[in-house]
Structure formats: C-alpha cells, structure tokens
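Accompanying notes for the structure given below.
The values are calculated or read from the model by the stated rules, or taken from the named source; none is laboratory data. Here the structure is a predicted model, which means the values were calculated and not measured. All Cβ positions, glycine included, derive from the backbone under ideal geometry; neighbour counts span all protein chains shown.
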C-alpha cells in the first residue's frame, strides 16, 4: 500500500494565485496576504469570535491545563493551559463545496 502524498496549500501558493489573478507582483500579493492574516488575528484576539460572511466563523477558546500521557511510553504529561482557534464553515461555503 502506497502512502498518499499530502497536498497542503501554502501561503506562497495563495500569494502566487493572487498575483496571477490581479496581475500584481508576487511581493505585493504576499504582503497583502500577510496583512489579511494579521487583520484576522487581531479580530479574533479582540472579539474572541470573528465571522466572515460566505466563509465561516473563527472562535477563540481557552483550554485548561490537564494531565495527558505520552503514547510511546505511557508516562503522564502535563498539558499546559492554552488558547485554541476553532473554525465552523458557513452554510454558503458548505453548499458551494457540495454542489460544485
């Protein structure tokens, strides 16, 4: 059985596509993408919830500290308190993916 090659979409891929679609240099599209990501991060940090119509909702949640275990040696391990971001796709996005 062969392992499937993982195909991730990178920031460079997105910047290249923006550059081609808008006809601007890749350096500008890369900067535009970085600015967009920073705006998302600031919005999530400020409001704990960020909803983008036709795309979905990003939510910032707190996870408390808990005990876990290392699966290799079964030793207990403390998992630190942290913030996590969850994403829920909008109905419009789900419909576009399922109908096309």
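Let me confirm something: among 45, 12, which residue is touching a strand residue (DSSP E or B) at 6+ places or on another chain (Cβ under 8 Å) and surrounded by fewer than 13 Cβ atoms within 10 Å (Cβ to Cβ)?
Working: 12 fails: touching a strand residue (DSSP E or B) at 6+ places or on another chain (Cβ under 8 Å).
Going through 45, 12 in turn, the sole match is 45.
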Query raised in the report: Consider residue 54 against the criteria (1) modelled with pLDDT under 95; (2) surrounded by 11 or more Cβ atoms within 10 Å (Cβ to Cβ): it satisfies all of them except one. Which criterion is unmet?
Result: (2)
Query raised in the report: Among the numbered criteria (1) assigned by TED's automatic domain parsing to the domain that holds residue 95; (2) assigned to a loop (DSSP other than H, G, I, E, B), which single criterion is violated by residue 57?
Result: (2)
Query raised in the report: Checking residue 43 against (1) outside the structural domain of residue 97 (by TED's automatic domain parsing); (2) at pLDDT 95 or above, which test does it fail?
Result: (2)
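Of the residues 63, 81, only one is farther than 27 Å from residue 97 by Cβ and surrounded by 11 or more Cβ atoms within 10 Å (Cβ to Cβ); which?
Numbers: 81 fails: surrounded by 11 or more Cβ atoms within 10 Å (Cβ to Cβ).
Just a single option satisfies the conditions, and that option is 63.
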Requested in this report: Collect the residues in region 31-42 that are surrounded by 14 or more Cβ atoms within 10 Å (Cβ to Cβ) and over 14 Å from the mean Cα position of the chain (by Cα), keeping them in residue-number order.
Outcome: 32
